[in-house]
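Since the structure comes first, as C-alpha cells, the remarks are kept for the end.
The values are calculated or read from the model by the stated rules, or taken from the named source; none is laboratory data. Because the structure is predicted, anything quoted here is derived from the model rather than measured. Cβ placement follows ideal geometry from the backbone for every residue including glycine, while neighbour counts extend to all protein chains displayed.
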C-alpha cells in the first residue's frame, strides 16, 4: 500500500468514526476523533467539512462560523460553502452579516436556488416581503422543491397565504 492509499484509508476511518459518534449524539467524541488526525492530514477539506457538520449539530455557532469560513475560503466556487458560512454567521453574529455574505455571492451563483431562498428568508424576517417574494419566485423557478420547503419554513410564516396560492408555471 503506497502513502496516498494509506492516507486515504486513515481519513476514511477517521470520518467514519467521527460520523458514527455524531449520529449517536456524542459530539465531543466526534470532534476528538478528528483531533487525532496527523497534522499532514488534518487540513484536508473532508476533515473541515465533518468538523462543520459536528459543530452545526452541537450548535456551537462561533466555532461553526470559523470552520465554515475556512471551507468557504478554500472552496470559493462551492455555493454550499457560502450558504453554510451565512447560516453559521446568522447564528453567531447577526442576520444582517449573514445576508451580506449571500448578497456578495448572489451574482456569482445566479442560478443556485438555495442562495435566493436564504436571501428570501432573511428578507422576510426583515419584513421586506415584496423582495422576499421575488427571491422565492426565483428560487422556486430554479428548483421547484423549494416551494414545499418554503411552506413549512418558520422564517417565511408571514408569506404562508401567498405561498399556498402560488402557482408555478
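Residues in the range 132-149: is at least one under 26 Å from residue 66 (Cβ atoms) and out of contact with any strand residue (DSSP E or B) (no Cβ under 8 Å at 6 or more places or on another chain)?
Within the range 132-149, the first condition is being under 26 Å from residue 66 (Cβ atoms), and the residues that meet it are none.
Scanning the range 132-149, I find no residue that is under 26 Å from residue 66 (Cβ atoms) and out of contact with any strand residue (DSSP E or B) (no Cβ under 8 Å at 6 or more places or on another chain), so the answer is no.
Answer yes or no as to whether residue 138 is crowded, with 18+ Cβ neighbours inside 10 Å, over 15 Å from the mean Cα position of the chain (by Cα) and outside any loop (DSSP other than H, G, I, E, B). The answer is yes for residue 138.
Any residue in the range 95-119 that is at positive phi and touching a residue at least 60 places away in the same chain (Cβ under 8 Å) sitting within a Cβ distance under 7 Å of a residue that is surrounded by fewer than 16 Cβ atoms within 10 Å (Cβ to Cβ) and in a loop (DSSP other than H, G, I, E, B)? List the pairs, counting only those 6 or more apart or interchain. The qualifying pairs do not exist here.
Here's the yes/no breakdown for (1) over 23 Å from residue 78 (Cα atoms); (2) surrounded by fewer than 18 Cβ atoms within 10 Å (Cβ to Cβ); (3) modelled with pLDDT of 95 or more; (4) more than 18 Å from the chain's Cα centre (by Cα):
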site	(1), (2), (3), (4)
102	no, no, yes, no
112	no, no, yes, no
116	no, no, yes, no
121	no, no, yes, no
127	yes, yes, yes, yes
131	yes, yes, yes, yes
146	no, no, yes, no
159	yes, no, yes, yes
169	yes, yes, no, yes
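Within the range 124-135, the set of residues being closer than 21 Å to residue 90 by Cβ and either outside any helix (DSSP H, G or I) or without any contact (Cβ under 8 Å) to a residue 24 or more places away in the chain (or both) comprises 126, 127, 128, 131, 134, 135.
Name the residues in the range 141-155 that are in a helix (DSSP H, G or I) and out of contact with any helix residue (DSSP H, G or I) (no Cβ under 7 Å at 6 or more places or on another chain), would you? Working first, answer last.
Taking the range 141-155 first, the residues in a helix (DSSP H, G or I) are 141-142, 145-151, 154-155.
Passing the criteria: 141, 145, 148, 149, 154.
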